[in-house]
Amino acid sequence: MNDSNLHKFKHLLEQQRDELLVSQQMAQSSTEPVQLDQASVGRVSRMDALQSQSMAVETTRLRQQQLRKITTALALIDSGDYGFCSVCDSEIDPRRLDIDPASSMCVSCASKQE
């Protein structure tokens with residue numbers, strides 16, 4: 001992979017990381033425990049609050065998973081190993097990396113895992 005592509009993918013990954021971190025900070029309050037005081041909140045409202053909290057927790061988990069993938073991809077760029085499949089060690093098609101610069105597998109290996 002040439003230096004211009006590496007620079008482009010590094011920039012995309014850093015941009016995605018920064019957006020995820022901002023989003024994570026903004027969503028911090030939505031994962032706090034829900035008050036179950038029935039006197040101040042009705043049963044349906046509590047159920048809605050619990051459901052919203054559950055969805056926020058799952059969104060946070062997915063966001064953290066994506067941040068780990070991005071951190072790994074940035075480390076691979078720094079080590080010179082970026083753009084190679086973690087399973088078969090072949091070069092990942094740059095078109096795939098355009099879609100998801102944090103991809104660690106080529107299309108063939110990723111489709112075998114699904």
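Each value in this text was obtained by applying a stated rule to the coordinates, not by laboratory testing. In this text the structure is predicted, and so the values were computed from the model without any measurement. Counting neighbours? That spans all protein chains shown, and the Cβs are built from the backbone with ideal geometry, glycine included.
Which one is surrounded by the fewest Cβ atoms within 10 Å (Cβ to Cβ) among residues in region 47-66 that are under 19 Å from the mean Cα position of the chain (by Cα) and among the hydroxyl-bearing types (Ser, Thr, Tyr)?
That would be Ser54.
Name the single residue, out of those in region 67-114 being polar (S, T, N, Q) and crowded, with 16+ Cβ neighbours inside 10 Å, that is farthest from the chain's Cα centre (by Cα).
Ser104
Within region 74-90, can you find the residues that are closer than 18 Å to Leu12 by Cβ, among the aliphatic types (A, V, I, L, M) and either in contact with a Ser or Thr (Cβ under 9 Å, 6 or more places away or on another chain) or in a loop (DSSP other than H, G, I, E, B) (or both)?
Hit for region 74-90 is Leu76, nothing else.
Please name all residue pairs, on different chains or six or more residues apart, with Cβ atoms under 8 Å, provided the first residue is in region 1-22 and is more than 16 Å from Arg96 (Cβ to Cβ) and the second residue is assigned to a helix (DSSP H, G or I) and among the basic types (Lys, Arg).
That search, which allows pairs on different chains as well, returns Leu20/Arg63.
Give the residue, chosen from Thr71, Thr60, that is outside any loop (DSSP other than H, G, I, E, B), over 18 Å from Gln15 (Cβ atoms) and among the β-branched types (Val, Ile, Thr).
The conditions single out Thr60.
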